[in-house]
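Notes for the one structure printed next.
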Amino acid sequence: MKKTGIHLPILSLCLIIFTSYYGYGQDDVFRYELDLTGKNDAFNVSLQTPRLSEKDSVYSFVSYAPGVHQPLDFGRFIKVFKVYDKYDKELLTKKISTNSFEICEPAKVDRIVYEIDDSFDMSIDYHPIYPMSGTGITENFTIINTFGVFGYFEHRKDNPVELRLKFDGTPKVGTALNRNNKGVYEADSYYHFTDSPILIGEKLSYASAMINGIRVEVFAYSPDEEIFSAQSILENARPILNAATEYIGYAPVPRYTFLMYFSDEDDKIKMPVFNYAGALEHSLSSTYTLPAKRRFIPYLKNNIAHEFMHILSPLHLHSNVLANFDYAHPSSGDQHLWLYEGLTEWVSYKMQVSACLVGFEDYLHYLSEKITNSQNYSTDYSLTRLSREWSTDEGNKQYNNIYQLGALTAAMLDIKLLQLSGGEKGLREVYLELIKKYGKDHPFDNDTFFDTLVEMTYPEIRDFIDEHIRANTPFDFEKELKAVGVQYLPKRKNSENKSTPGITIRFRSRTKAVITSISQDYKGSVLRKGDIVTHINGKELTRDSFDKIMTAIQEMKTGETYQINLIRDGRKMEVTEKLYPEYDRNVLEIDPGATPEAVKLRERLK
């Protein structure tokens, strides 16, 4: 997420010119102009409306957006909001909620003018907006997640939308929106408009190519282009996109646009939301934000795979609840977050296995990590409960388990289907059948989808759904994986005899390092989650010194001691700690004694 702020009113002269250009009430198009030439570090927006009716009395900003599983409430960034009639007379308005304004005489409305701050400058103390989902005006680029800047009338979301951008200079503009011969961007509806982010900047790098019938474009800003240039990103994306189209069997879209903006340590200080990172999918594009460090290149590859595979679900396979998205309320009535995020997470890695981009042992390690990570979350939350409660503060703490338990459940469902079909039909085949059955324009019924899934597969799948999707019954990994010739070991001493302090330290600011988790390997009794770490072995712990200090710790042997200085509840402490034996948990490896039947099924997992 991201942000900035200072605010000045939009000049009325610009509004008069804008009004005269478009005229009044000629059609049903909502025509926006976004002025980025102001020095007020905000988005200056003017909207020329078609003729409105009395039912169009409330203009709203987005509370929730497709694919974003967190409260957004972009209305909290509004600084100026004014409405005018065709005679340039201001009409009365009233703010009726965080995200909505009531217009007293909607039938007289000619244009709406407002100023909205970007989210990059916000505090991260309460409902921060992650940077891939946010809006940002920086000295190097501007990112417009359109749902974060442009509002809507509830009954007019099917109306076409046009957008004119006004900016200084000749920056590159990256977006999946089409631009007409007048330089205006066009969208079929508000749904289409908010599905189309825009990245703008003089310093963006650009690359494009045809990949398996898809026109692929990359727009990227990076403080270090040696690590992340558009061309290097495109080359990293190429094998992923080839693998995806081979897995699907066809090119699912004619074009696709990657919009990427990377951060450095100074960005994190100026804009704390950059302590978060990730990506967000759209129908023909996706946004990404990561630290500009080489170690994140593999992470970016997996992010690209995940976001691109969202083309299948929910973009081409979704319930009737998502079909007409409600921007004012969370989609908690939908039961199938496990499908949209969990299965997508699994299939985005599985298709890399099928394309031999990663090996089968890598896949086993991937599943092992999913098991271990999932154990950090509450067992009270089933996958369907996560669907219902992700928007609550408590449920949101469990949300990331959808990428752990959800992907793991998909992998186990794949094995179950292969067992029942004698190796003929796994989850890939069922998934593609579902996409063919429904597709982008035919949502499935939210309440009966599980019945459909059982009808398309086997009666035994109902028990699987009831136990592992509707409920959170633990998997018997030893039994399930033995059927495909894989051994499961809950715990085993590290084969390299590694040692560990048993804690994880992360920076909350440039100088504030905090113990964020304590592993099962830690056998001491003093260290606690939340302790602030100031020094280790007498050396101050900063972002610059962190890697060197932790490398020295990792080179020590089991039983050796080290000094750690802490602050807890404002009180300074110096503690002598020691290193403990490191154990590998949830180990998966090929079973050399597997039966021929199990080996045959295992081959189908590759």
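Kindly indicate whether Val454 is open to solvent by 10 Å² or more (accessible area, probe 1.4 Å), β-branched (Val, Ile, Thr) and not in a loop (DSSP other than H, G, I, E, B).
The answer is yes for Val454.
Six or more apart or on different chains, Cβ under 9 Å: which pairs go from a residue in the range 523-550 that's over 15 Å from Arg508 (Cα atoms) to one that's open to solvent by less than 60 Å² (accessible area, probe 1.4 Å) and among the basic types (Lys, Arg)? Could you list them?
Hits for this filter: Arg528/Arg568.
Inspect the range 414-423 for any residue being in contact (Cβ under 8 Å) with a residue 24 or more places away in the chain, within 25 Å of the chain's Cα centre (by Cα) and closer than 20 Å to Lys370 by Cα and give the result as yes or no.
yes
Are there any strands (runs of 3 or more DSSP E) wholly within the range 57-97 with 3 or more residues that are without any contact (Cβ under 8 Å) to a residue 40 or more places away in the chain, and if so which?
Passing ranges, in order: 78-84, 93-95.
Being part of a loop (DSSP other than H, G, I, E, B) and modelled with pLDDT of 95 or more is the filter here, so list the residues in the range 391-421 that pass it.
Gln404, Ser421
Kindly indicate whether any position in the range 532-542 is more than 22 Å from Glu265 (Cα to Cα), touching a Phe, Trp or Tyr at 6+ places or on another chain (Cβ under 9 Å) and of a type outside the set (A, V, I, L, M).
yes
Please count how many residues of the range 515-535 are loosely packed, with under 14 Cβ neighbours inside 10 Å and over 29 Å from the mean Cα position of the chain (by Cα).
Here the count works out to 5.
Which of the residues belonging to the range 242-261 are closer than 21 Å to Ala176 by Cβ, over 15 Å from the mean Cα position of the chain (by Cα) and buried (at least 22 other Cβ atoms within 10 Å of the Cβ)?
Ala244, Tyr256, Thr257, listed by residue number.
Among the listed residues Val149, Val173, which satisfies the condition of being open to solvent by 20 Å² or more (accessible area, probe 1.4 Å), at pLDDT 95 or above and within 24 Å of the chain's Cα centre (by Cα)?
Testing whether each residue is open to solvent by 20 Å² or more (accessible area, probe 1.4 Å), at pLDDT 95 or above and within 24 Å of the chain's Cα centre (by Cα) leaves just Val173.
Checking Ser100 against (1) more than 16 Å from Asp56 (Cβ to Cβ); (2) in contact (Cβ under 8 Å) with a residue 24 or more places away in the chain: exactly one of these is not met. Which one?
Unmet for Ser100, out of (1) more than 16 Å from Asp56 (Cβ to Cβ); (2) in contact (Cβ under 8 Å) with a residue 24 or more places away in the chain: (1).
What tally of residues in the range 589-602 results from selecting those that are closer than 13 Å to Gly422 by Cβ and touching a helix residue (DSSP H, G or I) at 6+ places or on another chain (Cβ under 9 Å)?
The number of residues fulfilling the criteria is 2.
Can you find a residue in the range 217-236 that is modelled with pLDDT of 95 or more, among the β-branched types (Val, Ile, Thr), in contact with a helix residue (DSSP H, G or I) (Cβ under 8 Å, 6 or more places away or on another chain) and more than 25 Å from Thr138 (Cα to Cα)?
No - not one qualifying residue is present in the range 217-236.
When the residues of the range 129-160 are narrowed to those that are part of a loop (DSSP other than H, G, I, E, B) and acidic (Asp, Glu), which ends up nearest to Ser53 (Cα to Cα)?
Filtering the range 129-160 for residues that are part of a loop (DSSP other than H, G, I, E, B) and acidic (Asp, Glu), the one nearest to Ser53 (Cα to Cα) comes out as Asp158.
Taking the condition of being basic (Lys, Arg), at pLDDT below 95 and either touching a helix residue (DSSP H, G or I) at 6+ places or on another chain (Cβ under 8 Å) or surrounded by 13 or more Cβ atoms within 10 Å (Cβ to Cβ) (or both), how many residues in the range 477-505 meet it?
1
Can you tell me which of Glu265, Glu281 is touching a Gly at 6+ places or on another chain (Cβ under 7 Å) and open to solvent by 10 Å² or more (accessible area, probe 1.4 Å)?
It is Glu281.
Does Pro490 satisfy the criteria of being touching a residue at least 12 places away in the same chain (Cβ under 8 Å) and more than 30 Å from Arg571 (Cβ to Cβ)?
yes
Testing Lys578 on (1) open to solvent by less than 80 Å² (accessible area, probe 1.4 Å); (2) more than 30 Å from Leu364 (Cβ to Cβ), one condition comes back false. Which one is that?
Among (1) open to solvent by less than 80 Å² (accessible area, probe 1.4 Å); (2) more than 30 Å from Leu364 (Cβ to Cβ), Lys578 violates only (1).
Can you give me the number of residues within the range 210-251 that are under 21 Å from Tyr349 (Cα atoms), part of a helix (DSSP H, G or I) and not small (Gly, Ala, Ser)?
13
Take the residues of the range 77-87 that are touching a strand residue (DSSP E or B) at 6+ places or on another chain (Cβ under 9 Å) and open to solvent by 30 Å² or more (accessible area, probe 1.4 Å): which is farthest from Asp326 (Cα to Cα)?
Of everything passing the filter in the range 77-87, Lys86 is farthest from Asp326 (Cα to Cα).
Going through Tyr256, Tyr261, Tyr288 one at a time, which residue ends up being outside any helix (DSSP H, G or I), within 23 Å of Asp195 (Cβ to Cβ), touching a residue at least 24 places away in the same chain (Cβ under 8 Å) and touching a Ser or Thr at 6+ places or on another chain (Cβ under 6 Å)?
Being outside any helix (DSSP H, G or I), within 23 Å of Asp195 (Cβ to Cβ), touching a residue at least 24 places away in the same chain (Cβ under 8 Å) and touching a Ser or Thr at 6+ places or on another chain (Cβ under 6 Å) holds for just one of Tyr256, Tyr261, Tyr288, which is Tyr261.
Could you please let me know if Glu115 is touching a strand residue (DSSP E or B) at 6+ places or on another chain (Cβ under 6 Å) and open to solvent by 30 Å² or more (accessible area, probe 1.4 Å)?
Considered against the rule, which asks whether it is touching a strand residue (DSSP E or B) at 6+ places or on another chain (Cβ under 6 Å) and open to solvent by 30 Å² or more (accessible area, probe 1.4 Å), Glu115 comes out as no.
Pairs only if they're at least six apart or on different chains, beta carbon under 7 angstrom, first in the range 459-486 and closer than 20 Å to Tyr377 by Cβ, second part of a loop (DSSP other than H, G, I, E, B) and of a type outside the set (A, V, I, L, M, F, W, C); list them, first residue then second.
Going by the 7 Å Cβ cut-off, the qualifying pairs are Glu467/Thr473; Ile469/Ser382; Arg470/Ser382; Ala471/Ser382; Asn472/Thr379; Asn472/Tyr381; Asn472/Ser382.
The values are calculated or read from the model by the stated rules, or taken from the named source; none is laboratory data. Computed from a predicted model, the values in this text were never measured in an experiment. Note that we place each Cβ from the backbone using ideal geometry, even for glycine, and neighbour counts take in every protein chain shown. The protein model used for the area step is the full one, side chains on, heavy atoms only, and it has no ligands, DNA or RNA in it. Shrake-Rupley method; radii C 1.70, N 1.55, O 1.52, S 1.80 Å.
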